[in-house]
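In what follows, a structure is listed as structure tokens, so that the remarks can point back to it.
Readers should treat all values here as calculations from the given coordinates under stated rules, not as data from a laboratory. Everything numeric here is computed off the predicted structure, so don't read it as measured data. Positions of Cβ are backbone-derived with ideal geometry, glycine not excepted, and every protein chain shown enters the neighbour counts.
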Ligand SMILES: [Zn+2]
């Protein structure tokens, strides 16, 4: 069987809301396209939702996943799409933009925790209403977390530029900032995608981000959870 890979346009341009594409594979409840604006879930960022259009008919995409053979767009209900069809795919932009703001905010906050408190981020899950991250920090207090958020917000307000570019693996690994997370990336990748919040944070990352931290707004602490001696969890939202 022929195998396909889907070009992920969102990795080059996070602000792209729609594109024309061709159906290259279909299953009972999904289609694979030759290229897409949808972000497939991964790296703590949920997938986009949206629509695939053909001849004026809209089919609802409810989940998107990267699997062997390309990016699978799971469709709710019956759909009339065949291999070879030319379609238009469009994401639900309000949701995606919120996730972009959340993702960049999470990087700024994680960087403050790491640089100022030597805390290690052990996991994160972004979402539209609130996002959470887990971190490892022995001397932990609500006051400390509030201080970290305050610092993150002042960096955000400064309007830091966010740059996305690809670096050759060997080159990227020479950079101390990138190295702290690069181990998580499979050695098969020749190039790493770098997301740099200028003057704040730099890491290998596959998510979608805003172009300037000003777009984030303000981080609000929602709640804190003590999940054991070294394991803390925090939830934050964004305003507006
Ligand atoms: Zn990220």
Across 155, 173, 192, the residue with the highest GNM fluctuation in the chain (Cα network, 10 Å cutoff) is 173
If you average the C-alpha positions of the stretch 59-130 and of the stretch 132-157 separately, how far apart do those two centres end up, in angstrom? 24 Å
For the pair residue 176 and residue 7, how long in nm is the line joining their label points, each one 7 Å along Cα→Cβ? 3.9 nm
What percent do you get for the relative contact order of the stretch 96-239 when only Cα pairs under 8 Å and 6+ apart count? 31 percent
The chain - convex hull of alpha carbons, volume per residue in Å³: 138 Å³
For the Cα atoms of the chain, what angle does the longest principal axis make with the long axis of helix 142-157, in degrees from 0 to 90, nearest 10? 60 degrees
When the distances between all Cα atoms of the stretch 7-91 are binned every 5 Å from zero, what whole-number percent does each bin get? 3, 17, 30, 30, 14, 5, 1
The stretch 96-239: radius of gyration and largest Cα-Cα distance (Dmax), Å: 14.8, 43
Starting from 0.36 nm per residue, how many nanometres of slack lie between residue 88 and residue 191 once their C-alpha separation is accounted for? 34.1 nm
Under a crude label model (7 Å from the Cα following the beta-carbon direction), how far is residue 198 from residue 226 in nanometres? 4.3 nm
Can you tell me how much longer the chain between residue 128 and residue 65 gets when fully stretched, taken as 0.36 nm per residue apart minus their C-alpha distance, in nm with one decimal? 20.9 nm
State, as an integer percentage, the relative contact order of the stretch 7-91 based on alpha-carbon contacts under 8 Å between residues 6 or more apart. 36 percent
Place a point 7 Å from Cα of residue 20 in the direction of its Cβ. Which residues in the stretch 67-89 have their backbone N less than 20 Å from it? 81-89
Rounded tilt (10° steps) of 93-117 against the dominant C-alpha axis of the chain: 30 degrees
